[in-house]
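Beneath this line is the structure, given in structure tokens, with notes to follow.
The values are calculated or read from the model by the stated rules, or taken from the named source; none is laboratory data. Computed from a predicted structure; not experimentally measured. With ideal geometry, Cβ positions are generated from the backbone for all residues, glycine too; neighbour counts draw on all protein chains shown.
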Amino acid sequence: MAQETPNTETLEFRTEVQQLLNILAHSLYTEREIFLRELISNASDALHRIQFELLTDRAGVDPDAPLEIRIDWDEDARTLTVTDTGIGMTREELIENLGTIAHSGALAFMQRMAEGQRPADIIGQFGVGFYSVFMVADEVTVTTRAYRPDAEAWRWVSRGDSRFTLAPSDKTSRGTTIELKLKEDAAEFTSRWRLERIVKKHSDFVSFPVYVKDTVANQQTALWRKPLGEVTEEEYADFYRQLSLDPAEPLLHIHVVTDAPVDLRSILYVPRKLDRGVLNMRADYGVKLYSKKVLIQEFSKDLLPEHLRFVEGVVDSEDIPLNISRETVQSNRLMRQIQKVLTGRVLKALRELADERPEEYMGFWNEFGVFFKQGIASQGGENADLLPLLRFQSSKSDGKPASLAEYVGRMAEGQSDIYYILGSDLASVAGSPHLDACRARDLEVFYLADPFDGFMMQGLREFEGKPFRNVDDPSLELPGTPRETPPAEAAITGAELAGLFARCKLVLGDRITEVRESQALVDSPARLVSANAGFDRDLQRVRRLLEQDYKIPPKILELNGRHRLVRNLAGLVAAQPAAAMIDPAIELLFDNLLLVEGLHPNPAGMAPRIQALLEQATK
Ligand code: ADP
Ligand code: MG
């Protein structure tokens with residue numbers, strides 16, 4: 001271990017860091033080179049932060065030092081150093097940033113590794129990138145001095161075991177030096193050629209010069225400032241990879257260059273997958289905001305609406321004043337203009353994708369559609385730009401989700417509403433009794449079987465002037481005439497039917513509000529309709545998922561007076577009211593309705609009732 005002075009203290013890593021280090025130090029990875037990418041990325045972050053600080057405060061250490069990263073090595077001693085003139089760290093920051101992990105990144109990272117992901121692909125996403133140095137080093141020394149004039153310099157040393165030490169250092173210049181004592185089998189990282197290659201491959205777009213000894217190895221181009229048409233597909237993809245640490249290619253890139261109404265240079269990316277760890281695990285989401293090449297905000301959330309928060313990228317505008325404080329970014333009128341332009345461009349690109357490559361669009365929809373559903377729910381009526389992007393299965397879409405425009409294009413004569421049904425899965429929705437009346441009139445119904453759909457309906461009122469209507473609405477009036485319905489078989493009287501209704505109410509008690517004859521049912525014996533119509537009831541499923549104690553309010557039981565089952569049962573109630581079969585049959589009919597609605601509180605509770613009925617039937 002590096003020499004210990006009397007001032008050296010020894011501290012313990014947090015448990016999950018210890019576990020992580022253990023895994024990193026004792027495994028062999030083919031892509032160990034990414035440790036350099038992580039060190040450069042941290043150095044670049046530190047440089048961006050001091051650059052921003054220096055805009056307003058030049059009283060700190062070395063205000064005129066060039067902003068740069070230097071890589072140096074000693075082949076004989078097998079050491080490698082990465083030095084930056086960035087913001088540096090105080091003693092507290094060293095402990096906090098390199099000894100404990102504030103968020104759950106380490107645990108999440110280890111879980112991903114256990115699931116078989118390659119560490120090189122994912123380590124940068126979890127806020128644990130620094131520790132990748134222990135894949136190549138036996139010992140790491142971080143010497144750092146923060147920029148504040150009164151800050152002291154510190155030295156942090158660890159061998160990647162359970163502990164690290166801290167001691168004062170005599171470093172006088174601002175920034176951080178990270179020295180690696182390379183493992184015996186990592187001598188390759190003292191080769192100039194190898195180091196230059198690694199920098200070029202992983203850190204080409206870092207906006208500060210990265211020196212490999214005396215030569216700058218990265219091109220530092222602000223790709224987004226290049227004219228449209230001068231950036232190759234490969235450059236777009238490389239930049240995405242370096243920016244997002246997503247090993248996959250992006251689905252779309254959108255390069256925006258405008259001078260009016262605002263000066264704007266931006267490259268935005270739509271990823272292919274939601275679960276790249278990024279949204280859940282990375283410290284934060286948002287696009288990088290630059291002004292005149294200075295990074296103003298690392299994770300800007302005000303440049304795109306929330307439902308586009310999966311978009312990655314860089315936004316640069318010369319119109320944004322450099323001295324804008326991070327707080328006022330939000331309230332800035334200019335920012336709203338930028339948001340408008342960017343949102344328009346992203347949605348336009350997605351609409352084009354949907355038109356030109358519908359299958360790829362469906363891949364996108366399956367991953368990110370839920371964001372748009374949230375967007376629709378939270379934006380109230382302001383959602384016209386999202387509507388063309390929605391896709392749902394329907395009773396006529398043949399298993400292939402349809403757009404609202406397709407639905408409208410094949411609406412029946414006289415149809416002025418868009419019909420939908422909510423449920424918990426496609427199969428039970430497709431067999432729902434609520435569809436009877438629409439089926440009999442050959443009307444198409446959207447199947448909304450995703451838990452978020454009910455939530456979305458809070459903001460989805462109409463499309464091209466055509467209101468959305470839930471088919472479980474008891475007051476629904478449908479256009480057209482139904483096809484011939486089968487003639488009723490067993491002859492029963494109105495009084496017998498009324499007797500069955502009364503019996504149902506007696507058996508089901510408070511679980512239903514009333515029993516009545518249905519005007520809508522054709523092929524099904526019964527259905528449940530909401531006592532209180534309105535969009536609130538679309539929320540019931542969502543609330544049941546989110547709120548533990550939430551109980552669906554009781555519904556109205558509607559019976560089909562023409563259906564054989566109902567007529568048989570009514571006949572039985574009239575002729576032998578004491579028959580043992582009646583009550584279990586009513587219970588099971590009700591069970592079935594809850595099941596198709598996806599609202600059954602306890603499906604396993606059906607077993608004894610089914611058994612009781614079987615006993616009766618086989619007697
Ligand atoms: P992340 O970069 O995702 O936050 P890392 O494990 O790479 O996670 O780094 C942890 C933290 O250590 C950084 O967030 C930063 O605060 C601090 N840090 C690492 N390297 C440097 C550096 N060269 N200069 C200043 N701070 C650094
Ligand atoms: Mg990092």
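Tabulated values for the structure
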quantity: Positions within region 62-97 being within 25 Å of F189 (Cβ to Cβ), at pLDDT below 95 and surrounded by fewer than 21 Cβ atoms within 10 Å (Cβ to Cβ), in sequence order; calculated: N97
quantity: Qualifying positions in region 594-614 - of a type in the set (G, A, S) and either touching a strand residue (DSSP E or B) at 6+ places or on another chain (Cβ under 7 Å) or part of a helix (DSSP H, G or I) (or both); calculated: A604, G605, A607, A612
quantity: Residue within region 177-199 that is within 14 Å of ligand 1 (Cβ to nearest atom), over 20 Å from G86 (Cα atoms) and not hydrophobic (A, V, I, L, M, F, W, C) present; calculated: no
quantity: Hits in region 361-381 - residues which are within 13 Å of R309 (Cβ to Cβ) and aromatic (F, W, Y); calculated: F368, F371, F372
quantity: Selection within region 328-349 - in contact (Cβ under 8 Å) with a residue 12 or more places away in the chain, surrounded by fewer than 15 Cβ atoms within 10 Å (Cβ to Cβ) and among the small types (G, A, S); calculated: G344
quantity: Residue list for region 314-331, restricted to those being modelled with pLDDT of 75 or more and out of contact with any Leu (no Cβ under 8 Å at 6 or more places or on another chain); calculated: E318
quantity: Cross-chain or 6+ apart pairs with Cβ under 8 Å, region 52-77 first and without any contact (Cβ under 8 Å) to a residue 60 or more places away in the chain and of a type in the set (A, V, I, L, M), then surrounded by 12 or more Cβ atoms within 10 Å (Cβ to Cβ) and in a loop (DSSP other than H, G, I, E, B); calculated: L54/G60; L54/P63
quantity: Complete set of residues in region 160-182 that are modelled with pLDDT under 95 and basic (K, R); calculated: R163
quantity: Residue match in region 320-332 (condition: closer than 27 Å to Q458 by Cβ and out of contact with any Ser or Thr (no Cβ under 9 Å at 6 or more places or on another chain)); calculated: yes
quantity: Subset of region 29-61 (residues that are buried (at least 19 other Cβ atoms within 10 Å of the Cβ) and among the acidic types (D, E)); calculated: E33, E38
quantity: Neighbours by Cβ (under 7 Å, 6+ apart or cross-chain): first from region 583-612, free of Cβ contacts under 8 Å to residues at least 40 places away in the same chain; second assigned to a loop (DSSP other than H, G, I, E, B); calculated: D591/H600
quantity: Of the criteria (1) touching a His at 6+ places or on another chain (Cβ under 9 Å); (2) surrounded by fewer than 18 Cβ atoms within 10 Å (Cβ to Cβ), which one K466 fails; calculated: (1)
quantity: Qualifying residue in region 180-203 (condition: touching a Lys or Arg at 6+ places or on another chain (Cβ under 7 Å), aromatic (F, W, Y), in the same structural domain as L21 (by TED's automatic domain parsing) and more than 16 Å from ligand 2 (Cβ to nearest atom)); calculated: no
quantity: Given (1) at pLDDT 90 or above; (2) farther than 20 Å from P467 by Cβ; (3) acidic (D, E), index of the condition D398 fails; calculated: (1)
quantity: Within region 122-159, considering residues that are of a type in the set (F, W, Y) and either assigned to a strand (DSSP E or B) or out of contact with any Asp or Glu (no Cβ under 7 Å at 6 or more places or on another chain) (or both), the one modelled with the lowest pLDDT; calculated: F126
quantity: Residue in region 526-551 that is modelled with the lowest pLDDT, counting only those that are under 30 Å from R441 (Cα atoms) and in contact with a Lys or Arg (Cβ under 8 Å, 6 or more places away or on another chain); calculated: A531
quantity: Meets criteria (among the basic types (K, R), surrounded by 16 or more Cβ atoms within 10 Å (Cβ to Cβ) and in contact (Cβ under 8 Å) with a residue 12 or more places away in the chain) for R503; calculated: yes
quantity: Hits in region 152-163 (condition: buried (at least 18 other Cβ atoms within 10 Å of the Cβ) and either within 13 Å of ligand 1 (Cβ to nearest atom) or of a type in the set (G, A, S) (or both)); calculated: A153, W154, W156, S158, G160
quantity: Positions within region 206-224 being of a type outside the set (S, T, N, Q) and either closer than 20 Å to A349 by Cα or buried (at least 18 other Cβ atoms within 10 Å of the Cβ) (or both), in sequence order; calculated: V206, F208, V210, V212, A217, L223, W224
quantity: Among residues of region 183-221, those that are in contact with an Asp or Glu (Cβ under 7 Å, 6 or more places away or on another chain) and over 30 Å from E139 (Cα atoms), counted; calculated: 1
quantity: Residue in region 11-26 that is more than 40 Å from the chain's Cα centre (by Cα) and surrounded by fewer than 21 Cβ atoms within 10 Å (Cβ to Cβ) present; calculated: no
quantity: Residues (surrounded by 17 or more Cβ atoms within 10 Å (Cβ to Cβ) and among the small types (G, A, S)) located in region 350-366; calculated: A354
quantity: Residue that is farthest from ligand 2 (Cβ to nearest atom), among those in region 33-78 that are in contact with a Ser or Thr (Cβ under 8 Å, 6 or more places away or on another chain) and part of a loop (DSSP other than H, G, I, E, B); calculated: E75
quantity: Residue satisfying all of: in region 191-222; free of Cβ contacts under 8 Å to residues at least 24 places away in the same chain and touching a Ser or Thr at 6+ places or on another chain (Cβ under 6 Å); nearest to L36 (Cα to Cα) among these; calculated: N218
quantity: Sole exception among (1) away from ligand 2 (no atom under 16 Å from the Cβ); (2) touching a helix residue (DSSP H, G or I) at 6+ places or on another chain (Cβ under 8 Å); (3) of a type outside the set (K, R); (4) assigned to a strand (DSSP E or B) for T81, by number; calculated: (2)
quantity: Sole exception among (1) within 30 Å of A59 (Cβ to Cβ); (2) outside the structural domain of E92 (by TED's automatic domain parsing) for L228, by number; calculated: (1)
